[in-house]
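Participant: Have a look at this one.
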């Protein structure tokens, strides 16, 4: 990370990565969350790392799947119809 | 029969939320209503295809895995107990189908017990701000292309964990169970996947801005 390094009680520029995913996923204990928040409040590079990683997840998460290719849709529905109706007869 | 377990009408089902509606469709499909199952297929086919394609990165394998997942889910529908959403149950089946295809085609690429790498090499020295809504500043078609390419460039071990945790929103424990990994291994791979994808998007939002990440890393 960029200099100067900011040191908090537990979280610093070097060990932020250890907490990054759990912080973003809301899986950290309250004390460590507070440490992370204090650190990123004082360290711009770490704040941007957290912010851009969060945005990365959001962008992928909200992206809609493209519609199925028509060829696959036709093939899938034909196969399903054949198998499903066969299974019921 | 109580009011809670009485089958609802189609009109009532259509007014219900997606999860309630899904439960009604599953109940009807279990009772033998093929149209309800076909509605479930129609509802989830694009998401399941994206899932299998993102895992296999092969169109033919993804098509086969999608088809097999729906057929198996129908075949095993009587075993579905309803203790999770039908979609989550379907995802588990589809992941297994896709992994089988991937292992068959590229057995050396999906070692599940490979060593865990650190992610320090994926953090640049200086990080640039993306602003509040970076995805709205680029064309949607361009964004979709970059997202697909970024996922494709990840190694399977990272790609699959990201897909399950962040796109399908499975828990860490569920992801670990499905892939036969430890929870720390899932967390480590998820961190690395997220940072690699962050780096890919950084290039889009800053038009090839300086990066400390080697091209070969992606």
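The values are calculated or read from the model by the stated rules, or taken from the named source; none is laboratory data. Here the structure is a predicted model, which means the values were calculated and not measured. Cβ coordinates were reconstructed from backbone atoms using ideal geometry, including for glycine residues, and neighbour counts include every protein chain displayed.
Participant: So is residue B:160 crowded, with 20+ Cβ neighbours inside 10 Å, away from chain A (no Cβ under 11 Å) and not in a loop (DSSP other than H, G, I, E, B) or not?
Facilitator: Yes: the conditions hold for residue B:160.
Participant: So which residues in segment B:122-157 are closer than 19 Å to residue B:49 by Cβ, in contact with a helix residue (DSSP H, G or I) (Cβ under 8 Å, 6 or more places away or on another chain) and either at the interface with chain A (Cβ under 9 Å from one of its Cβ atoms) or without any contact (Cβ under 8 Å) to a residue 24 or more places away in the chain (or both), if there are any at all?
Facilitator: B:147, B:150, B:151
Participant: On to the next question. What do you reckon, is residue A:70 more than 7 Å from chain B (Cβ to nearest Cβ) and more than 34 Å from the chain's Cα centre (by Cα)?
Facilitator: When the stated conditions are applied, residue A:70 does not pass them.
Participant: Using the structure shown, decide if residue B:188 is within 11 Å of chain A (Cβ to nearest Cβ), more than 22 Å from residue B:106 (Cα to Cα) and within 13 Å of the chain's Cα centre (by Cα).
Facilitator: no
Participant: While we're here: Please state which one of B:62, B:94, B:46, B:29 is at pLDDT 95 or above and within 13 Å of chain A (Cβ to nearest Cβ).
Facilitator: Exactly one of B:62, B:94, B:46, B:29 is at pLDDT 95 or above and within 13 Å of chain A (Cβ to nearest Cβ), namely B:94.
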